[in-house]
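Below is one structure, written out as structure tokens, with a few remarks after it.
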Amino acid sequence: MQSRTVAGPTHFCGWGPTTVGVSDDEESLEAKGEYWDFEVDAGLPDSITEDDEEDDSYQIRLEEAAGTVNWSYSTGGLGGSAPTVVGGTVVAGGDGDSIYAVNAKTGDEQWVFETDDFVESAPTVVDGRVVVGSDDGHVYAIDADTGSQQWAFQTARFIESSPTVAGNAVFVGGGDGCVYSLHAGMGKKRWAVGTGGPIYASPTVTNSTVYIGSDDGHVYALSAASGEQRWAFETGGPVRSSPTVAGGTVFIGSGDGTLYALDAKWGDKQWEFATGNAINSSPTVAEGSVFVGSDDGALYAIDAASGDRQWSFETDSRVWSSPTVASGTVYVGSNDGYLYAISTTTGRRDWMFDAGDWVDTAPVVVNETVYVTSDDGTIYALGAGVRGSSTDSRANLGTLSHHGGWAGGG
């Protein structure tokens, strides 16, 4: 099912679409492209040396370290958000009602910022500023070095959507059903647009367009500058999966159990792929494949052009985690309590790590280390077993979590 437009905002979003008198630099909202070259986070030096590149034993050491714990940090509460790794610091939310910053190499705590409720929104870190939502209904901007508050924007309900930044704007969905655009420096509202249900999904911004799903069953494409609706696509269930964009196509899952490929400009359906249950995992694209988890317990690899299944990997519970890809390996968690490392080409497991509780957050790989948060509130740094960092579309577009290779999108 699909529609090009739906009736305007279904309820009042604060004061309705507004601006704060700040001109938008449209060039700053232009896409970098689905893929681009980036320097891996300079704040966390790459452990590979020129000698290592020529030393086969280095790869052996990487493989021996795969899945081993470099460090772990307990937030002291249940649940938490996906980690973001920028400037040598891991930042993640927790159900201890706080945002935590820890040293990426050692796991030592750097600062803690307290909110008034759970934090399941994944932080975005751009220009020395952490932007994150809380179930207390606020979007917070926090100094990345000191942990001090820069501003807070209040909404009517929870914020579990993970913000993203493009140009001078922050974009985020709210439990009140609104998509918000805020001024990144001041926290003032630029515009707000209502949907017909709560928003748990996180926005992706590229080509001056905000793509986001809602519990009203629609995928929306909105102008990043004004919030004007460009198109809306109707699915058969709530859309808590966050979109990714690659090759002019939007990929997104739905509670109806289907992964959809939609034309990014017009919203027309290109193909659909049915799984055995709801899709709450957010897809990512790498090496010509779409990777996504399903509540049927499987991780799927699907040809991005045709929608044909390439392989599937079975876990023992729902896959709410959103995968990431680095150097031919896809990493994903499962509610069976394991983080899995799987070959992107064969679908065979390389290794698995027992976290002791659900792994329902999105992992991210930075310089041979995979970072992930488990549902018991523990942030883990594990040997990834491969060289490099996450290079998939989700990480490249800063959706849910990211590393220092992404510094704000468009």
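If you place +1 on the Cβ of every Lys and Arg and -1 on the Cβ of every Asp and Glu, how big does the dipole about the Cα centre of the chain come out, in debye to the nearest 20?
1380 debye
Compute a Gaussian network model of the chain, connecting alpha carbons closer than 10 Å, and tell me which residue from ILE252, ILE379, ILE60 fluctuates the most.
ILE60
State the extension gain, in nm to one decimal, for the chain segment bounded by ALA274 and ARG61, taking 0.36 nm per residue of separation less the distance between their alpha-carbons.
72.7 nm
Select from TYR73, VAL325, GLY197 the residue farthest towards the positive end of the dipole of region 26-396; place +1 on Cβ of Lys and Arg, -1 on Cβ of Asp and Glu, and compute about the Cα centre.
GLY197
Enter the mean projected area of the convex hull around the alpha-carbon atoms of region 155-234, in nm², rounded to one decimal.
4.5 nm²
Can you give the Rg to Rh ratio of region 225-315, both from alpha-carbon atoms, with Rh computed by the Kirkwood formula?
Ratio of gyration radius to Kirkwood radius for region 225-315: 0.97.
Using Cβ counts within 10 Å as a stand-in for footprinting exposure, how do HIS402, HIS138, HIS218 rank, fewest first?
HIS138, HIS218, HIS402
How many nm separate the modelled label positions at LEU78 and LYS265, each set 7 Å beyond the Cα in the direction of the Cβ?
Simple spin-label model gives 4.9 nm for this pair.
Please report the projected area of region 362-404's Cα convex hull averaged over all directions, in nm².
3.1 nm²
Taking the Cα atoms of region 64-208, what is the range of coordinates along each of the three principal axes, in descending order and whole Å?
Principal-axis extents of the Cα atoms in region 64-208, largest first: 48, 31, 29 Å.
Whole angstrom only: what separates the Cα centroid of region 86-156 from the Cα centroid of region 311-376?
Value for the Cα centre distance between the two parts: 24 Å.
Figure the gain on full extension for GLN149 and THR345 (residue separation times 0.36 nm, minus the Cα-Cα span) and round it to one decimal in nm.
66.1 nm
Grab the DSSP H runs of the chain that are 4 residues or longer, score each as -39,500 (n - 2.57), total them, divide by all residues and round the 222 nm result to the nearest 500 deg cm²/dmol.
-1000 deg cm²/dmol
For the chain, how big is Rg over Rh, using alpha carbon atoms and the Kirkwood form of Rh?
My calculation puts Rg/Rh at 0.94.
Give me the extension gain from ASP308 to ASP108: residue separation times 0.36 nm, minus the current Cα-Cα distance, reported in nm with one decimal.
Working it through step by step, the gained length comes to 67.5 nm.
We did not get these values from a lab; they are worked out from the coordinates using the rules stated. Treat the numbers as computed from the prediction; the structure is a model and nothing was measured. Glycine also receives a Cβ, built like all others from the backbone with ideal geometry; neighbour counts cover every protein chain displayed.
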